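Each reported figure results from applying straightforward, stated rules to the coordinates on display, with no laboratory input. Not measured: the values here are computed from a predicted model. Counting neighbours? That spans all protein chains shown, and the Cβs are built from the backbone with ideal geometry, glycine included.
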Amino acid sequence: MRTTAHSRADLDLTKIDWAKIDATSDEEIDAQIAADADTAPTFTADEILAAGQRIEPDDVVDVQVLRNRLGLSQAAFAARYGFSVDAIRQYERKRRIPSGAIRTLLTVIAHEPDAVTRALAHRKSPDETSRNADES
């Protein structure tokens, strides 16, 4: 049987039943974890402590490598994670260095891109925001 490689760019977020996911109770999540230990990671105290440490400049994620690993174009990466295409281009050309919250966001994207995608899926698009402002 032939298999086809897919990337996160192929994920159709419109087909995900977010209401069902949001309605999942803690007990149901615990049952899923009990049934499959790989469902949720267990963190050690050291890992939790390390997560709260500052990200040093040497630890800045290479945006182009990250974007390519996710199989996204500059425009798709920017749209999915809330950046401007210009900012992505500047980060990739090293004309601009991500700092503060942006560096943190890129680090989270590098380790948990699906979690960031899910978290940002509920935000309003610029079109919705401007329509709501026009209606007020």
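Just to confirm a number: summing +1 for Lys and Arg and -1 for Asp and Glu over residues other than residue 95 whose beta-carbon lies under 11 angstrom from that of residue 95, what do you get?
Working: positive: 89, 93, 94, 96; negative: 86, 92.
Surrounding charge for residue 95 is +2.
How much length is gained if the chain between residue 75 and residue 29 is pulled fully straight, taking 0.36 nm per residue apart and subtracting their Cα-Cα distance, in nm to one decimal?
Result: 13.1 nm gained on full extension.
At 0.36 nm per residue, and after removing the present C-alpha to C-alpha distance, how many nm does the segment from residue 96 to residue 112 gain when stretched out fully?
3.4 nm
How many nm is it between the label spots at residue 16 and residue 87, if each spot is 7 Å from the Cα in line with the beta carbon?
It is 2.0 nm.
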